[in-house]
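A quick write-up on the structure given underneath.
Every number here is computed from the coordinates shown, using simple stated rules; none is lab data. What you see is a predicted model; the values in this text were computed from it and never measured. With ideal geometry, Cβ positions are generated from the backbone for all residues, glycine too; neighbour counts draw on all protein chains shown.
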Amino acid sequence: MKFHLSLFVIIGIIFGIKLEGCQCKIVQFIFGDSLSDVGNNKYLSKSLAQASLPWYGIDFGNGLPNGRFSNGRTVADIIGDNMGLPRPPAFLDPSLTEDVILENGVNYASGGGGILNETGSYFIQRFSLYKQIELFQGTQELIRSRVGKDKAEKFFQGARYVVALGSNDFINNYLMPVYSDSWTYNDETFVNYLMGTLREQLKLLHGLGARQLMVFGLGPMGCIPLQRVLSASGDCQDRTNKLAIRFNQAGSKLIDELQKQLPNSSYRFGDAYDVVNDVISNPNKYGFQNSDSPCCSFGNIRPALTCIPASKLCKDRSKYVFWDEYHPSDRANELIANELIKKFGFMRADQTNPPSPSPAIAPSSNH
């Protein structure tokens, strides 16, 4: 559930292209945590990781909470829109059908979820990556029943896959003494544990048909407002940031190895640490005025942990890097997404639909 910045880039594809032998679109299947959750946790009634109250979603659509942990769009929304791709709905969305899956794919991301099953357990309900993969296996069974085994195989092998988790495994596991992992491992062995688990998960996805997949690394998670407020000086937590860098170095190596080992695979690792760190370190350079505190907070009470109806909002949401204690604002997500598109050389695939505009945010001292 956080600004892990486990940010992910969705590979640009031609909107509406058909797979040979199957009248199916190429779609996306997204596995992640709160930075890419589009409503799954909203349907997990016992989950403490929620974005179901105002003022979440205030700058998205009708302005009501929609399950996204931001005031507006996720990085995935913005990149997908600019590529002309449909937005995959949440797996738990009651309107999800086989036809919807064939047209739009599925988003399994869950706030509080991690690579490890034990991560985020104090949120009570959340989907770990293993659980998300299990749900994906159920999706495959539905599609096989609908279009047949051969067409389903082409459909899933032609899809694009995004895996964007990791920060919860640190923030809501290893770095919290209530979790046994915090005293079972040290920094090096814990990252090795994560990589060994992630390796098996990615091999499992490959066995399920994932051929084109991108894994995203972590940003400077020691600089999220929650981490800053827990330090006496208010500065970024250096150890937490170093763990993110260690994770990225190991993750990049892992993906390079899997790319060589797994047949017909196109696996890539997206490291956005430097981009996000520059935005946080030099906010004025990017048009921001604040990069160390949340726009939505409960007066002077910090940390607020979540945004609620009684919270106070900043005067201009477009000037804040962070929306709440964990997550970036819509404006920050847009900047990050655009930087990643440039960094990885992705170009818009569909020239018929205009990119989604950033929301018009009226400065407000109240709400």
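Quick grid of which residues meet (1) of a type outside the set (Ser, Thr, Tyr); (2) over 16 Å from PHE216 (Cβ atoms); (3) surrounded by 18 or more Cβ atoms within 10 Å (Cβ to Cβ):
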{"residue": "LYS131", "(1), (2), (3)": "yes, yes, no"}
{"residue": "GLU134", "(1), (2), (3)": "yes, yes, no"}
{"residue": "GLN137", "(1), (2), (3)": "yes, yes, no"}
{"residue": "ILE143", "(1), (2), (3)": "yes, yes, yes"}
{"residue": "PHE155", "(1), (2), (3)": "yes, yes, yes"}
{"residue": "GLY158", "(1), (2), (3)": "yes, yes, yes"}
{"residue": "VAL162", "(1), (2), (3)": "yes, no, yes"}
{"residue": "ASN168", "(1), (2), (3)": "yes, no, yes"}
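State yes or no: is ASP256 surrounded by 13 or more Cβ atoms within 10 Å (Cβ to Cβ) and within 17 Å of the chain's Cα centre (by Cα)? Answer is no for this residue. Just one of (1) more than 20 Å from GLN237 (Cβ to Cβ); (2) surrounded by fewer than 24 Cβ atoms within 10 Å (Cβ to Cβ); (3) touching a helix residue (DSSP H, G or I) at 6+ places or on another chain (Cβ under 6 Å) fails for GLY111. It is (2).
Restricting attention to segment 213-231, does a residue exist that is in a loop (DSSP other than H, G, I, E, B), in contact with a helix residue (DSSP H, G or I) (Cβ under 8 Å, 6 or more places away or on another chain) and surrounded by fewer than 18 Cβ atoms within 10 Å (Cβ to Cβ)? No: zero hits.
A quick yes/no check of all residues on (1) in contact (Cβ under 8 Å) with a residue 40 or more places away in the chain; (2) closer than 18 Å to GLY166 by Cα; (3) out of contact with any strand residue (DSSP E or B) (no Cβ under 6 Å at 6 or more places or on another chain):
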position	(1), (2), (3)
GLY111	yes, yes, yes
ASN117	no, yes, yes
GLY120	yes, yes, yes
ARG126	yes, yes, yes
LEU142	yes, no, yes
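Within segment 37-64, residues that are at positive phi have Cβ atoms under 7 Å from residues that are crowded, with 19+ Cβ neighbours inside 10 Å and not in a loop (DSSP other than H, G, I, E, B) in these pairs: GLY39/ALA90, counting only partners at least 6 apart in sequence or on another chain.
When you look at ASP150, is it among the acidic types (Asp, Glu) and within 27 Å of PRO220 (Cβ to Cβ), yes or no? Show your work before the answer.
On the way: among the acidic types (Asp, Glu): yes; within 27 Å of PRO220 (Cβ to Cβ): no.
For ASP150, the condition - among the acidic types (Asp, Glu) and within 27 Å of PRO220 (Cβ to Cβ) - is not met.
Answer yes or no as to whether PRO283 is surrounded by 17 or more Cβ atoms within 10 Å (Cβ to Cβ), out of contact with any Leu (no Cβ under 9 Å at 6 or more places or on another chain) and farther than 21 Å from ASN172 by Cα. Full working, then the answer.
Details: surrounded by 17 or more Cβ atoms within 10 Å (Cβ to Cβ): yes; out of contact with any Leu (no Cβ under 9 Å at 6 or more places or on another chain): yes; farther than 21 Å from ASN172 by Cα: yes.
Yes.
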